[in-house]
Amino acid sequence: MRPRVIDRVIAAYPIVASAGAAALAAGALAGHLLGVGVLVGPESARWLMAPASALALLAASAAVLLAREERPGRARRAAARIAAGAVALVGIVVLAEHALRLPATPLDLWLFGAALAAGAPPIAGRMALQAALGFALLGVALALVDRRGRRFLRLSEALALAAAFVPLIALAGYAFGARTLYVFPSNRSIAIGASLGLFLLATVVPTLRPRSPLMTAVFGDTPGGALARRLLPAVALLPAVVIGLLFRAASAGLIDASTEQALEWVLNFAWLALLVVASARGVDRLHGEVRRSEERYRALVQATATVVVTADASGMPTSFANPTTGEEWPQLESDTWIDWIHPEDRARVATDWARAVSEGTRFEAEVRALRPDKGGYGRVVGRGVPLFDERGAVREWLGAIIDVTDARQAEREQTLGLLDALFSAAPVGLAFLDRDLRYVRTNDTFAAILGLPREVHIGRAPRDLIPGLAPQLEPRLRKVIETGAPSVAREVSGETPAVPGVRRHWIASNYPVRSPRGETIGVGSVVLEITDRKRAEDAQRFSVEAATALASSLDLDTALEEVARLAVPSLADGCAVHLFDEEGILHMVGLADEGPGQVPLGWEIERRYPGGTGLYGPPRVARTGAPHFLEEVTEVELREHAVDEANLALLRRLAMRSYLCVPLAARGRTLGTLFFLSRKWRYQGHDVATAEDLGRRVATAIDNVKLYRRAEQAVRTRDEFLSIAAHELKTPLTALRLQVEARVRAVRRSEGAPEAALRSMEIIGRQTERLTKLVDTLLDVTRIRAGRLPLETAEVDLVALVREVGERLAGELAASGSTLEIQAAGPVAGVWDRLRLDQVVTNLLSNAIKFGEGRPIAVRIEEAGERVRLVVRDRGIGISRESLSRLFQRFERGVSDRHYGGLGLGLYIAQQIVSAHAGAIEVESEAGKGATFTVTLPRAAPFAARARPARGEPVEGRS
Amino acid sequence: VKGAEVLLVEDDADVRETITMLLEAEGFSVAAVVDGAAALARLRAPGEKPCVILLDLMMPRMNGWEFRAAQAADPALAAIPVVLLSASAQMDLLAADFAAAETLRKPVPLATLCAVVERYCGRRAP
């Protein structure tokens, strides 16, 4: 809030006043010390205050400045007291001097002895009696400002005002030329300066504590203050003006003394009367405002039918009444009021009220309380507000009690209405059952689930309405009532009258419903229909499991049995799978049925009527490729299905209520059918789409199995063919080879055989050898494929073996232009199959020669702990990154097949041999930078030698 | 200028030697090289151009396809007839692909080989 101007003036006044007083005193002292002429004339006594007065003024000014703060420090307070004490002391000493009529002036002499002794100006050495009185009062007043307690403040203010009165009289005397007023009673006059200073400082004292009652009364923001501020200047200034003017007129001889007094009385009376009347009107106006505000308050209290409560500072109620109507709450008394509050609320109210009383804070509580006018308990809001006195202590409490019973009732009804709307419109089924499991209340969704109108539910139990589901429901409901523990999210499935014959699924949660006293009075059920989700889940599970069964089984017929079994019982009571055989004849290949004796019956029907009969079911669907279903299988339909009476009798025994048959269609062909039958439930239109989808998935899985099997068969056939072909090739080769060798020997033995013939025989021999190796390679591969690669192990020196192979390949090496360097510290022995290892080394060296581009080839043999390492390195064309990963696979080659021939089997066989030795073969290479093959072998092959079948030599071709 | 020499391009040493031997025995003059690169080098060397080139397909360094492409791109060599020698089962397809004068499927009967070479080079020595 912005400080008022008057407050700022009050705050500044002590500084201004003490500065003014100090200036007056300083001027007087200067006059005394310097003997300034103007100050020492004949009239000097009027102007020149005594030196002691000047000093006392200075001390009083200091005391005022020091006492300005309300909470000064210790030192400051002490200084203020000393200054005030000095002022009082000077006043009292001078008063004593006057009283004792001392001729000399001990204080003045002591203070200004030198100046007095000089005697230059006829100064009035002693302070006047009025001044002494004024200073004595002012000093004591200043000394009391700081003291704690209202009494001291009040005394201080009274003394200060008395001190102000003394110079005021003297100043009036100066103003009106009444010498007596400033000279009397001694013959020393009080100087004008001293009077002014004293007056200023005395009036300062109340302003030092602006919140004192006196100051508040005059300057406070209250009607009284406003009145005081208006009246005080008027009563002070206007009489002064009136009297002053009359006095001047009388002095000038215009009027005589009695006229002056008469006029003075008349004018003062007129003026004061005017002032009184104006003030009276002001007071009336203020009073009117107060009365109107009180009227509004009464009207308010009356309008709200509020009972007003008053309580004393200790919190004890003193009255309960509507102050306007006087209406009281009968029997409500101070000491028994708590009895009117509901017993359960008493403790709470008592605690809260006690806390509010002790802390002096607002109190509010809503409680159940007896209503004397209406009887019984109602809801009541009680509020209490503390009223404080000037010192901030609680003087009394004012409160109100309001009956809110009706308002709360309305709120409750609104809430219930909302709940009711929610209950009715909820998209889940909601039901309340009593302890006897009879429906008390249900909503529309619940009624829709049951397929029975809501009115029918009330008072009936689940077993009356939905007997099929009751065995699932009632035990759970009963358990909730007995244990009080909810059963949450349990699945329920079956039919309701809503859709007869169709199995549906729900999730039901049951919660106990308790009375306010906590006993279980019933059960609340929340029911959510999940039929669609459940069907989708079942179908999904079936198709996934069927696909898994088909993929993992070796035997298609077993898998199809399993497929049929997977459909039961979630999708059907019975399921049959029919497939076309190679000749295009439909056969039942899988059957599962829950019914007792139904599986043999099914197979009996299949035996007597293979693939089903006539125009219905699997034969029809298999022929047309379109699904077919009968929602309700009646006798009429059965007769249509049957080809003869015997057939009809068998079909009857199936006891179908409903069936659904879909094609097994894949890649545009119908492979067979999937047939579901149900004895209890009806299949419906939407089941067809799901089943068709299942049919497609199962068919795709069957198709994949068939394709895979065909591919496997093709591979097996090829391997068998290779094996046979290789064996068949061997026979003519054997004869050919022997013949060639015989011819070579014969030619060599015959003297003078032509060189050309020898050369020719050589080539024939070599090429026959090559052909034999190729055939051996093919045989090796077929052996490996069949899992037959036995090892015949013996001690072998790998270094010697490498040298031997190197020598054998010397011709090719020479033709290629490459050199071979064999690096080995000494013999490296191990237990291996010598001939197989020879095959590996030969293959690696041949490759190095073939792809080495005539650059040096290095072979390193080294020992590495329990293992032996063979590293073959060439600097030839290398192997591209994409070829590396496939390098050791069958028929794969690391080079372009437009540049290099070969079967693509060499490295495959080499790797198989190394693996059989529990070793590993690795390759590092980069296109154009050569290749490094590293074979790591354990020193001993891990298994015993076995009889070794015939086998061939290494082959050419990096593979 | 049509020369009298048969140029044989074949990487397998034994095949190379055998065909050379047989053709020489039949009176043809034969130059044998190991691959397409060697063949090009020989063709571009000064001297008579061969009357026919017997070309194997699968060879290291420069194979038959690459050689044929290089030959066709060289006006001085493009006119020399080329006879393919291959073990491939699809010789007809290859011939069309290759624009070769003739194709001979390995193993080639000697009589056929001689007849083909004779057609391009004429009968030489007895």
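The values are calculated or read from the model by the stated rules, or taken from the named source; none is laboratory data. Small disclaimer: the values here were computed from a predicted structure and weren't measured. A quick note on method: Cβ atoms are made from the backbone with ideal geometry, for glycine too, and the neighbour counts reach across all protein chains shown.
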* So, of the residues in the range A:637-686 that are basic (K, R) and in contact (Cβ under 8 Å) with a residue 40 or more places away in the chain, which turns out to be surrounded by the most Cβ atoms within 10 Å (Cβ to Cβ)? -> A:R682
* Considering residues of the range A:587-601 that are free of Cβ contacts under 8 Å to residues at least 12 places away in the same chain and not hydrophobic (A, V, I, L, M, F, W, C) only, the residue nearest to A:F675 (Cα to Cα) -> A:P600
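Would you say A:G901 is surrounded by fewer than 21 Cβ atoms within 10 Å (Cβ to Cβ), part of a loop (DSSP other than H, G, I, E, B) and on the phi > 0 side of the Ramachandran plot?
Considered against the rule, which asks whether it is surrounded by fewer than 21 Cβ atoms within 10 Å (Cβ to Cβ), part of a loop (DSSP other than H, G, I, E, B) and on the phi > 0 side of the Ramachandran plot, A:G901 comes out as no.
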* To do: Give the residue, chosen from B:A39, B:A78, that is away from chain A (no Cβ under 13 Å), part of a loop (DSSP other than H, G, I, E, B) and either among the small types (G, A, S) or touching a Pro at 6+ places or on another chain (Cβ under 6 Å) (or both).
  => B:A78
* What number of residues within the range A:593-610 satisfy the criterion of being of a type outside the set (S, T, Y) and over 21 Å from A:L566 (Cα atoms)? -> 5
* Please give the helices (runs of 4 or more DSSP H) falling wholly within the range A:165-243 in which 2 or more residues are exposed (fewer than 15 other Cβ atoms within 10 Å of the Cβ). => A:179-183, A:213-219
* Structure fact -> Going through the range A:386-408 in order, the residues found to be part of a strand (DSSP E or B) and in contact (Cβ under 8 Å) with a residue 12 or more places away in the chain are A:P386, A:F388, A:V394, A:R395, A:E396, A:W397, A:L398, A:G399, A:A400, A:I401, A:I402, A:D403
* Pick from the range A:751-772, criterion in contact (Cβ under 8 Å) with a residue 12 or more places away in the chain and surrounded by 16 or more Cβ atoms within 10 Å (Cβ to Cβ), ranking: farthest from the other protein chains (Cβ to nearest Cβ) -> A:T772
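A quick yes/no check of all residues on (1) under 28 Å from A:A547 (Cα atoms); (2) not hydrophobic (A, V, I, L, M, F, W, C):
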| site | (1), (2) |
| --- | --- |
| A:Q598 | yes, yes |
| A:I605 | yes, no |
| A:Y609 | no, yes |
| A:P619 | yes, yes |
| A:L638 | no, no |
* To do: Report, by residue number, each residue of the range A:857-916 that is within 14 Å of chain B (Cβ to nearest Cβ), touching a residue at least 12 places away in the same chain (Cβ under 8 Å) and out of contact with any strand residue (DSSP E or B) (no Cβ under 6 Å at 6 or more places or on another chain).
  => A:G876, A:I877, A:R893, A:G894, A:V895, A:Y900, A:G901, A:G902, A:L903, A:G904
* Asked: If you go through the range A:520-539 one residue at a time, do you hit one that is in contact with a helix residue (DSSP H, G or I) (Cβ under 6 Å, 6 or more places away or on another chain), small (G, A, S) and closer than 18 Å to A:V428 by Cβ?
  -> no
* When only residues in the range A:459-494 that are β-branched (V, I, T) and closer than 19 Å to A:A447 by Cβ count, which is farthest from the chain's Cα centre (by Cα)? -> A:I466
* Taking the range A:623-636, which residues are under 57 Å from the mean Cα position of the chain (by Cα), under 21 Å from A:R696 (Cα atoms) and surrounded by fewer than 16 Cβ atoms within 10 Å (Cβ to Cβ)? -> A:G625, A:A626
* To do: Go through the range B:1-36 and give me each residue that's more than 13 Å from chain A (Cβ to nearest Cβ), in a loop (DSSP other than H, G, I, E, B) and among the charged types (D, E, K, R).
  => B:E26
* Asked: Just checking, which of A:A726, A:A714 is away from chain B (no Cβ under 14 Å), under 30 Å from A:L556 (Cβ atoms) and either small (G, A, S) or not in a helix (DSSP H, G or I) (or both)?
  -> A:A714
* State yes or no: is B:D74 over 28 Å from A:S816 (Cβ atoms) and modelled with pLDDT of 90 or more? => yes
* To do: Residue by residue through the range B:49-66, note down the ones that are within 8 Å of another protein chain (Cβ to nearest Cβ) and either part of a loop (DSSP other than H, G, I, E, B) or at pLDDT below 85 (or both).
  => B:L57, B:M58, B:M59, B:P60, B:R61, B:N63
